[in-house]
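The values are calculated or read from the model by the stated rules, or taken from the named source; none is laboratory data. Since the model is a prediction, treat every value here as computed from it, not as a measurement. When we count neighbours, we look across all protein chains shown, and the Cβ atoms used for this are built from the backbone with ideal geometry, even at glycine.
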Number of protein chains: 2
Amino acid sequence: MNKSVSDIIEEFIMSSLDDDSFIELSRNDLAKFFACVPSQINYVLNTRFTINRGFVVESQRGGAGYIKVSRLKDNDDNFLKSALDLCNQPLNLTDANQLINQMMDRNILSKNECELVKTTISVKALNNPINIDNTIRSNILKQVIIKLMQNHK
Amino acid sequence: MNKSVSDIIEEFIMSSLDDDSFIELSRNDLAKFFACVPSQINYVLNTRFTINRGFVVESQRGGAGYIKVSRLKDNDDNFLKSALDLCNQPLNLTDANQLINQMMDRNILSKNECELVKTTISVKALNNPINIDNTIRSNILKQVIIKLMQNHK
DNA sequence: AAGGGCGAAAGTCAAAGAAAGTCAAATCAC
DNA sequence: GTGATTTGACTTTCTTTGACTTTCGCCCTT
């Protein structure tokens, strides 16, 4: 198979992530290195380093701008991964709380953290019509899980 | 990570504030020391040492001019109380995050907890069609603060 | 002793510079 | 022909720079 430039850039970033759980890169430098336009880096990031594939991309513009790519971790039994899946549907309060409780049982969240997260998705916090409520709830939980998988300071 | 000059100046002032609750600087000297134009000091002050982040900047021009940066240190009860007040209006992401950061600075939240709460009010978490993001955000934060006030007795 | 001028601060603001993001048209591979 | 890739014009965000303004203390004159 003939590799595209995007494939090669993907491989490069992938192998940089072998050692560490995240890397910081300069979009411009990378583009220069691979002799492509800067926006191609975005293309690679958008098509290959997605949540679904287990990555998170953060960035900052301007002066000391950067792009940070992190590889998400999961514990052995794929608990977080399937929790993430659950969050693709709206979640009612009971189900969501149970999910959060399980995270505490598995020592992914401390008691305190568990309580905090439950607070953020409580009925009072999401003071909205029920149908949109559940959607926001699962969205919030999804981001929390991603954060937990992103397990580096 | 590649730090900008502004980042470095910020760090310098921050660490000067570690020992004391305030510090007096000479804008010109600082600019000379960091090899930048004097107005960059203002830029750092305006973007980093804001009231929202818990700082006050006072200054005097002319002959014996100076810039004084102080870290606000009212007690945690008052802080949470006024934070709660703030949550009666919709909050944009920046303001909300700064509030949460201050909770960490005051050891009301651990670093981890701080990150978690920030995650729950992030743009991605509250990614809903309607533009009531800021309202939901302040609601969530309000419940978090109420929760913290319970713990904090 | 009062007022004015000078120079030494700090403040303001907008332009320039330095990243990264977006989006859609053009091209390529199958 | 369709979907994936490449390209580039345009946008947004953050930082750096510098010209111009304001304020203040001090000294000098009267």
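Results, tabulated for the structure shown:
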read-out: Hits in the stretch A:35-65 (condition: within 14 Å of chain B (Cβ to nearest Cβ) and within 11 Å of DNA strand D (Cβ to nearest atom)); value: A:59, A:60, A:61, A:62, A:63, A:64, A:65
read-out: Subset tally (residues that are at pLDDT below 95, within 14 Å of DNA strand D (Cβ to nearest atom) and either under 18 Å from the mean Cα position of the chain (by Cα) or assigned to a helix (DSSP H, G or I) (or both)) for the stretch A:1-34; value: 0
read-out: Selection status of residue B:89, surrounded by 15 or more Cβ atoms within 10 Å (Cβ to Cβ), polar (S, T, N, Q) and within 26 Å of residue A:127 (Cα to Cα); value: no
read-out: Qualifying residue in the stretch B:117-139 (condition: within 14 Å of the chain's Cα centre (by Cα), within 30 Å of residue A:129 (Cβ to Cβ) and buried (at least 16 other Cβ atoms within 10 Å of the Cβ)); value: yes
read-out: Criterion: outside the structural domain of residue B:120 (by TED's automatic domain parsing) and surrounded by fewer than 13 Cβ atoms within 10 Å (Cβ to Cβ) - qualifying residue of B:59, B:21, B:16, B:26; value: B:21
read-out: The one condition in (1) at pLDDT 90 or above; (2) at the interface with chain A (Cβ under 10 Å from one of its Cβ atoms) that residue B:104 fails to fulfil; value: (2)
read-out: Selection from the stretch A:63-86 of residues that are in contact (Cβ under 8 Å) with a residue 60 or more places away in the chain and either outside any helix (DSSP H, G or I) or farther than 20 Å from residue B:125 by Cβ (or both); value: A:70, A:72, A:73, A:74
read-out: Count - residues of the stretch A:1-46 that are more than 10 Å from DNA strand C (Cβ to nearest atom) and closer than 22 Å to residue A:74 by Cβ; value: 12
read-out: Subset of the stretch B:128-153 that is among the aliphatic types (A, V, I, L, M) and farther than 20 Å from residue B:103 by Cα - its residue that is modelled with the lowest pLDDT; value: B:130
read-out: When residues of the stretch A:109-127 are limited to those that are at the interface with chain B (Cβ under 7 Å from one of its Cβ atoms) and in a loop (DSSP other than H, G, I, E, B), the one nearest to residue A:97 (Cα to Cα); value: A:122
